[in-house]
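Shown next, in structure tokens, is the structure this report addresses.
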Amino acid sequence: VACGDARLADHCAAQRSDAALALRHFETLAQAEGLQSSEARLIDDDVDGGMAVQARSCDLVVVGQAGAAAPGQRDDLPEYLVLTCARPVLVVPHAGHVRSLDGTALVAWDGSVEATRAVTAALPLLRAASGTTVVGYGDRTADTKDGDPCAQLATWLGWRLHGVRGGL
């Protein structure tokens, strides 16, 4: 079965070579765009689990929309990463024109711990937006004796410390 072993080894070597080339291309693009900081990693792991683990030491995960799934990649990779990597995930559409991220942001707020973590993790993206709109849904966003939870979130986002622009 040595022949099978050689073919598998050749296939893996070709995959690693393609991945290394893609990482060099990424680094070139990141440098050309003037990114202050980026890192490219070549990890021998399955796509979904490997990305989720590696993402935990990153500020932002950028992933293609599921319609552009690569061979061996889950159909629900963006959703999987949102639920498993504990970092903000930016999903790039597989079709159409991708505009800049400087428009108005929409925050869907339900007052949960998970929503709080998501908004906190998304602060860098919200800072880049020209404005932010908070929309509440669910029982936890109804006015209480303590006030309107959506208005409270909007006030928190507007604090100078957080740097989220008007339009809240």
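The values are calculated or read from the model by the stated rules, or taken from the named source; none is laboratory data. Everything numeric here is computed off the predicted structure, so don't read it as measured data. Virtual Cβ from ideal backbone geometry, glycine too; neighbours counted across all protein chains shown. Note: accessible area is taken over every heavy atom of the protein model, side chains too, but ligands, DNA and RNA are not part of it. Shrake-Rupley method; radii C 1.70, N 1.55, O 1.52, S 1.80 Å.
Structure data summary
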| item | result |
| --- | --- |
| Accessible area expressed per residue, the chain, with surrounding protein chains retained (probe 1.4 Å, Å²) | 69 Å² |
| Neighbour count of at most 14 Cβ within 10 Å plus DSSP loop: longest chymotrypsin sites (Phe, Trp or Tyr not before Pro)-free window in the chain | 1-136 |
| Distant alpha-carbon pairs in the chain (separation over 18 angstrom), percent | 70 percent |
| Residue of GLY147, GLY34, GLY158 that the Gaussian network model of the chain assigns the largest fluctuation, springs spanning Cα pairs under 10 Å | GLY34 |
| Built amide H within the under 5 Å cut-off of GLY64, gap 5+ | VAL92 |
| Listed residue (ILE43, LEU90, LEU123) projecting farthest to the positive dipole end of the chain, Cβ model | LEU123 |
| Carbon and sulfur %, accessible surface of the chain computed with the full protein complex present, 1.4 Å | 56 percent |
